[in-house]
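As structure tokens, the structure follows; a few thoughts come after it.
The values are calculated or read from the model by the stated rules, or taken from the named source; none is laboratory data. These numbers were taken from a predicted model, which means no experiment stands behind them. All Cβ positions, even for glycine, are placed from backbone atoms using ideal geometry, and neighbour counts span all protein chains on display. What goes into the accessible areas is simple: the full protein's heavy atoms, side chains included, and nothing from ligands, DNA or RNA. Shrake-Rupley method; radii C 1.70, N 1.55, O 1.52, S 1.80 Å.
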Amino acid sequence: MRGLGRRRATSEGSTWVRSRRAVEAPVLLAALPPEVPFGFLGRLLPTSGDLRGDLELYPVPAGEALTILQTSESVARAELLRGEGGEGGRTAQLALEAESATEFSRAVAGRRQELYRIGIALRARGPTRTSAERGRAALVRRLAALGFRTRLPRYEVGDALRGPRLTGTDRRPPGYWHTLSTDGVAAFFPFVDEAVLEPGGILLGLLLDDASPVVLDRWSHASHSWGIFGATGSGKSFAAALWALRSRWMVPELELFVLDPLGEYRGLAERLGGATVPIGPGGGTHWNPLDPATAGGDRAEKAARVGILRRALFPSLRDEEVALLDSALARLFARGPTVPVLGDLSAELRRGGAVPGRLLELLEVFRSGSLRYLDAPGSVPATANPTVFDLSGVPEGHRAFHLTYVLDGLYDRLRQGSAPKLVIVDEAHLLARTPGTAEFLDRLVRHVRHFKAGLVLVSQSPDDFLAQSAGRSLLRNLRATALFRLPNVSAEAREFFDLTGPEADWLPRARLPKEAGYAEGLLRYGPAHLPLAVIASTPEYEFLRDALGSRGTVDAVPLERHV
Ligand SMILES: Nc1ncnc2c1ncn2[C@@H]1O[C@H](COP(=O)(O)OP(=O)(O)O)[C@@H](O)[C@H]1O
Ligand SMILES: [Mg+2]
């Protein structure tokens with residue numbers, strides 16, 4: 001036809017239309033899901049496909065909006081009353097509709113939300129009818145996965161795709177017009193990706209769908225703490241170390257500390273010119289958990305903080321035992337030796353009068369048991385940058401206790417100096433199991449931000465934290481949460497993290513580094529949910545591959561070579 005001055009006539013099938021350049025296959029939305037992730041439209045209409053979405057938007061005047069909402073509420077309630085809901089699902093849906101209408105009415109009346117009339121038409125395009133319909137079928141599948149019910153306009157393609165006259169009253173096929181709240185409309189804007197290029201931040205990874213980079217600056221937010229959750233082997237420790245390396249790169253004065261229950265980060269300390277502090281019976285480090293120096297010499301504060309240690313060590317104490325122990329602690333710090341040791345605590349207890357035998361038995365662990373190495377004066381070890389506290393030598397049952405006193409000791413260190421500080425706590429679930437240690441960690445997350453410090457909590461399942469109210473509070477105070485492969489996503493986790501059905505279904509299928517060569521996960525960042533690939537450059541990968549891992553990976557160099 002080119003050059004011949006002839007035009008191919010526009011032709012139209014029942015569900016498609018051929019224009020001069022392409023065949024267009026529209027799809028309308030018959031029903032919207034109750035929730036969608038922000039920016040979902042960008043994922044539905046990737047730039048890699050020939051797809052188009054047209055939106056037209058009209059605010060509904062407040063008075064009219066209230067009438068619409070009241071009508072929809074009373075329709076739903078009337079239906080509910082008449083028992084038209086039938087069994088299960090429909091009744092629940094009606095109840096939900098009625099409730100959300102009530103809620104919206106309040107929000108509209110209070111001017112927190114507005115109602116919009118929104119016209120939505122999506123279309124796939126292709127050079128042939130087959131390719132356009134194939135594109136549409138894929139789009140319909142993606143829409144269904146997000147919970148949309150779709151509708152193909154039959155013999156009404158022209159009405160569906162016609163450009164708007166911008167009156168808001170065009171005659172359109174069913175499925176074109178919808179009424180949405182401000183939040184609902186906001187979710188349709190595909191701009192969320194652009195909001196995560198924070199200047200001065202570090203690259204966390206690339207979006208799985210279009211490889212746009214996600215760059216976050218932890219220091220520009222109220223909380224500098226992040227969480228990383230995922231199954232063993234999902235890439236948590238690697239990501240924690242990678243992001244710490246990049247943070248050091250951006251902020252060279254950054255001080256890095258790692259609490260390392262499994263002894264994986266030693267090589268990292270060594271290669272970055274820092275130090276590893278072994279904690280535990282064979283460690284040779286004397287760290288007296290009762291040393292008031294870790295509370296800046298404030299003995300009363302130290303006594304209170306030792307109470308937390310006590311809970312970490314003996315979570316099963318009865319109330320009267322707790323009372324006895326705490327009053328002995330208070331006395332010890334009020335009038336005991338300048339630097340008390342744990343042996344002094346048993347002595348102080350006995351001095352207070354009759355002590356239940358069980359309590360003395362429990363404390364015996366410091367005199368003749370596996371923790372006797374702690375019953376001695378000793379100072380908080382000098383730190384380097386980075387400092388890795390290696391707790392792999394601590395018997396498993398005592399790891400929570402050791403993590404707690406090391407963190408307690410570190411707290412003072414974090415308060416000093418003006419440099420930003422980052423503390424990676426790996427296997428953090430050890431601290432989530434008892435309310436005492438979960439509260440301690442929660443408080444730490446809330447307090448350390450005042451001195452420009454952030455925690456990176458690394459743990460297998462968020463459920464360990466969700467089980468405790470302090471754990472939930474802690475999770476709420478993490479600015480970013482990366483969820484790598486999770487074997488299953490509990491109902492609590494779904495609700496807490498506001499995961500959509502498809503997101504929750506995807507997490508158990510997120511690819512592992514050993515499958516993909518990088519780690520896949522979902523980054524929760526404010527309202528954004530970003531499916532992410534955590535990708536290291538070759539030098540970063542090689543560095544971390546050699547630096548992380550069990551002790552064996554640090555090369556043994558024959559001594560002669562140094563001589
Ligand atoms: N983003 C990544 N890119 C390449 N390899 C990775 C990545 N994340 C993890 N790995 C590799 O996968 C393995 C498991 O990672 P690791 O961080 O130890 O998992 P986790 O701490 O979740 O158990 C390690 O051998 C690590 O080198
Ligand atoms: Mg790990």
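Does segment 342-381 hold any residues that are in contact (Cβ under 8 Å) with a residue 24 or more places away in the chain, among the small types (Gly, Ala, Ser) and open to solvent by less than 50 Å² (accessible area, probe 1.4 Å), and which are they?
Gly343, Ala376, Gly378
Looking at Ala187 and the list (1) closer than 23 Å to Val458 by Cα; (2) open to solvent by less than 20 Å² (accessible area, probe 1.4 Å), which single condition is not satisfied?
Ala187 satisfies all of (1) closer than 23 Å to Val458 by Cα; (2) open to solvent by less than 20 Å² (accessible area, probe 1.4 Å) except (1).
For Gly296, indicate whether it is under 22 Å from Ile424 (Cα atoms), more than 16 Å from ligand 1 (Cβ to nearest atom), open to solvent by 10 Å² or more (accessible area, probe 1.4 Å) and small (Gly, Ala, Ser).
Judged against the criteria, Gly296 is not a match.
A quick yes/no check of all residues on (1) among the polar types (S, T, N, Q); (2) under 22 Å from Pro33 (Cβ atoms):
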{"position": "Ser74", "(1), (2)": "yes, no"}
{"position": "Phe104", "(1), (2)": "no, yes"}
{"position": "Ile118", "(1), (2)": "no, yes"}
{"position": "Ala132", "(1), (2)": "no, no"}
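With (1) exposed (fewer than 12 other Cβ atoms within 10 Å of the Cβ); (2) modelled with pLDDT under 90; (3) more than 35 Å from the chain's Cα centre (by Cα) as the list, and Arg154 as the residue in question, which single condition is left unmet?
If we test Arg154 against (1) exposed (fewer than 12 other Cβ atoms within 10 Å of the Cβ); (2) modelled with pLDDT under 90; (3) more than 35 Å from the chain's Cα centre (by Cα), just (2) comes out false.
Out of (1) free of Cβ contacts under 8 Å to residues at least 24 places away in the same chain; (2) within 16 Å of Arg311 (Cβ to Cβ); (3) among the small types (Gly, Ala, Ser), the odd one out for Ala491 is which?
(2)
When residues of segment 461-479 are filtered for being closer than 24 Å to Ile202 by Cβ and within 16 Å of ligand 1 (Cβ to nearest atom), how many remain?
Final tally of qualifying residues: 1.
Go through segment 143-230 and tell me which strands (runs of 3 or more DSSP E), entirely inside it, have 1 or more residues that are farther than 30 Å from Leu466 by Cβ and not small (Gly, Ala, Ser).
Of the strands (runs of 3 or more DSSP E) lying wholly inside segment 143-230, those with at least 1 residues that are farther than 30 Å from Leu466 by Cβ and not small (Gly, Ala, Ser) span 149-151, 177-181, 213-216.
Just one of Ala65, Ala109, Ala121, Ala76 is free of Cβ contacts under 8 Å to residues at least 40 places away in the same chain and out of contact with any His (no Cβ under 6 Å at 6 or more places or on another chain); which is it?
Among Ala65, Ala109, Ala121, Ala76, only Ala76 is free of Cβ contacts under 8 Å to residues at least 40 places away in the same chain and out of contact with any His (no Cβ under 6 Å at 6 or more places or on another chain).
What single numbered condition from (1) open to solvent by 40 Å² or more (accessible area, probe 1.4 Å); (2) within 25 Å of Val277 (Cβ to Cβ) fails to hold for Leu391?
Of (1) open to solvent by 40 Å² or more (accessible area, probe 1.4 Å); (2) within 25 Å of Val277 (Cβ to Cβ), only one is false for Leu391: (1).
Is it true that Glu156 is in contact (Cβ under 8 Å) with a residue 24 or more places away in the chain and of a type in the set (D, E, K, R)?
When the stated conditions are applied, Glu156 does not pass them.
Of all residues in segment 318-340, which are aliphatic (A, V, I, L, M) and buried (at least 20 other Cβ atoms within 10 Å of the Cβ)?
Leu325, Ala328, Leu329, Leu332
Residue check: is Asp546 open to solvent by 10 Å² or more (accessible area, probe 1.4 Å), in contact (Cβ under 8 Å) with a residue 60 or more places away in the chain and touching a helix residue (DSSP H, G or I) at 6+ places or on another chain (Cβ under 9 Å)?
It is true that Asp546 is open to solvent by 10 Å² or more (accessible area, probe 1.4 Å), in contact (Cβ under 8 Å) with a residue 60 or more places away in the chain and touching a helix residue (DSSP H, G or I) at 6+ places or on another chain (Cβ under 9 Å).
Would you check if Ala239 is closer than 28 Å to Ser220 by Cβ and either open to solvent by less than 20 Å² (accessible area, probe 1.4 Å) or within 16 Å of ligand 1 (Cβ to nearest atom) (or both)?
Yes; evaluated as a whole, the condition is true for this residue.
Scanning for something under 26 Å from the mean Cα position of the chain (by Cα), more than 16 Å from ligand 2 (Cβ to nearest atom) and among the small types (Gly, Ala, Ser), does segment 366-387 turn up at least one residue?
So far as segment 366-387 goes, no, none of its residues is under 26 Å from the mean Cα position of the chain (by Cα), more than 16 Å from ligand 2 (Cβ to nearest atom) and among the small types (Gly, Ala, Ser).
Just one of Ala482, Ala493, Ala516 is within 14 Å of ligand 1 (Cβ to nearest atom) and surrounded by 20 or more Cβ atoms within 10 Å (Cβ to Cβ); which is it?
Just a single option satisfies the conditions, and that option is Ala482.
Quick grid of which residues meet (1) at negative phi; (2) surrounded by fewer than 23 Cβ atoms within 10 Å (Cβ to Cβ); (3) modelled with pLDDT under 95; (4) within 16 Å of ligand 1 (Cβ to nearest atom):
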position: Ala222; (1), (2), (3), (4): yes, yes, yes, no
position: Gly227; (1), (2), (3), (4): yes, no, no, yes
position: Ala231; (1), (2), (3), (4): yes, yes, no, yes
position: Val258; (1), (2), (3), (4): yes, no, no, yes
position: Leu272; (1), (2), (3), (4): yes, yes, no, no
position: Gly283; (1), (2), (3), (4): yes, yes, yes, no
position: Trp287; (1), (2), (3), (4): yes, yes, yes, no
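Mind checking which residues of segment 250-279 are away from ligand 2 (no atom under 16 Å from the Cβ) and under 17 Å from Lys452 (Cα atoms)?
Result: Met250, Val251, Pro252, Glu253, Leu254, Glu255, Leu256, Phe257.
Take segment 260-270 and flag every residue that is within 11 Å of ligand 1 (Cβ to nearest atom) and open to solvent by 10 Å² or more (accessible area, probe 1.4 Å).
Within segment 260-270, Leu262, Glu264 qualify.
Residue by residue, here is whether (1) over 30 Å from Arg21 (Cβ atoms); (2) among the aliphatic types (A, V, I, L, M); (3) loosely packed, with under 14 Cβ neighbours inside 10 Å holds:
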site: Pro61; (1), (2), (3): yes, no, yes
site: Thr67; (1), (2), (3): yes, no, yes
site: Ser72; (1), (2), (3): yes, no, no
site: Glu97; (1), (2), (3): yes, no, no
site: Glu114; (1), (2), (3): yes, no, no
site: Ala121; (1), (2), (3): no, yes, no
site: Pro127; (1), (2), (3): no, no, yes
site: Glu133; (1), (2), (3): no, no, no
site: Leu139; (1), (2), (3): no, yes, no
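For residues that are within 19 Å of His402 (Cβ to Cβ) and either touching a Pro at 6+ places or on another chain (Cβ under 9 Å) or not charged (D, E, K, R) (or both), tally how many sit in segment 434-449.
Matching residues across segment 434-449 total 8.
Against the definition (outside any helix (DSSP H, G or I) and either buried (at least 23 other Cβ atoms within 10 Å of the Cβ) or touching a Cys at 6+ places or on another chain (Cβ under 8 Å) (or both)), how does Glu253 come out, yes or no?
No, not satisfied.
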